[in-house]
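Below you'll find the structure, written out as structure tokens, and then a few comments.
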Amino acid sequence: MKHTRLFAAAGAVLALDRLTKLLWRDARQTLIPGVLALRGTRNTGMAFGLLAGQPWLLIPLATAVVIGLLIYLRRHALNRLFQYGAGLLLGGALGNLLDRMFLGYVIDFIDPVFLHWFIFNLADAGICLGAGLLMIHLIFGKEEKRK
């Protein structure tokens, strides 16, 4: 079975993530006062700063997620929901993995000012949306094992 939707979603997230990180890595701009700003930061951890300063753990962890997902893809026939979810997750994981490998940190820049506790990037959004779609698939979806 072809995974066109999956690779299209992964490629889109990865390309947009790379572009926006280049454009806004040093941004300091309020878009909607009290709601949303662009503020470039360097995150040496993962979500919410967990495991900050430990790339020796984060790089292998992200690599394992990507490899595990690719192995799963070879063994299962995938419905549309799974393909989009896996594609978003894969593109996001690759985007942040490239930052960690080549920069030693992840560039975050989207600051929901009203929340006061995190800044994220498009790769993070892809990972979260993809994981959400995969959970919906696991709960409600049907899949067939490949022959």
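The values are calculated or read from the model by the stated rules, or taken from the named source; none is laboratory data. Everything numeric here is computed off the predicted structure, so don't read it as measured data. Glycine also receives a Cβ, built like all others from the backbone with ideal geometry; neighbour counts cover every protein chain displayed.
Filter the stretch 107-134 for residues that are crowded, with 19+ Cβ neighbours inside 10 Å and out of contact with any helix residue (DSSP H, G or I) (no Cβ under 7 Å at 6 or more places or on another chain) and give the result.
Selection gives ASP108, ILE110, ASP111, ILE119, PHE120.
Condition first: part of a helix (DSSP H, G or I), hydroxyl-bearing (Ser, Thr, Tyr) and under 15 Å from the mean Cα position of the chain (by Cα). Now tell me which residues in the stretch 61-113 satisfy that.
Those that are part of a helix (DSSP H, G or I), hydroxyl-bearing (Ser, Thr, Tyr) and under 15 Å from the mean Cα position of the chain (by Cα): THR63, TYR84.
How about the stretch 75-106: which of its residues are touching an Asp or Glu at 6+ places or on another chain (Cβ under 6 Å) and either of a type in the set (A, V, I, L, M, F, W, C) or buried (at least 17 other Cβ atoms within 10 Å of the Cβ) (or both)?
Scanning the stretch 75-106 gives ALA77, GLY95, VAL106.
Among the residues of the stretch 21-28, is any part of a strand (DSSP E or B) and within 20 Å of CYS128 (Cα to Cα)?
Among the residues of the stretch 21-28, not one is part of a strand (DSSP E or B) and within 20 Å of CYS128 (Cα to Cα), which makes the answer no.
Restricting the first residue to the stretch 100-119 and requiring it to be closer than 16 Å to LEU14 by Cα, which pairs with a second residue that is basic (Lys, Arg) meet a Cβ separation below 6 Å and a spacing of at least six or different chains?
Filtered contacts from the stretch 100-119: ILE107/LYS21; ILE107/ARG25.
From the list GLY45, GLY132, GLY126, which residue is under 22 Å from ARG18 (Cα atoms), under 17 Å from the mean Cα position of the chain (by Cα) and modelled with pLDDT of 95 or more?
Answer to the check: GLY126.
In this structure, does PRO33 turn out to be more than 22 Å from LEU90 (Cα to Cα) and either surrounded by 12 or more Cβ atoms within 10 Å (Cβ to Cβ) or modelled with pLDDT of 95 or more (or both)?
Considered against the rule, which asks whether it is more than 22 Å from LEU90 (Cα to Cα) and either surrounded by 12 or more Cβ atoms within 10 Å (Cβ to Cβ) or modelled with pLDDT of 95 or more (or both), PRO33 comes out as yes.
Could you check GLY53 against (1) under 16 Å from the mean Cα position of the chain (by Cα); (2) farther than 18 Å from ASN121 by Cα; (3) part of a loop (DSSP other than H, G, I, E, B); (4) not polar (S, T, N, Q) and say which number it fails?
(1)
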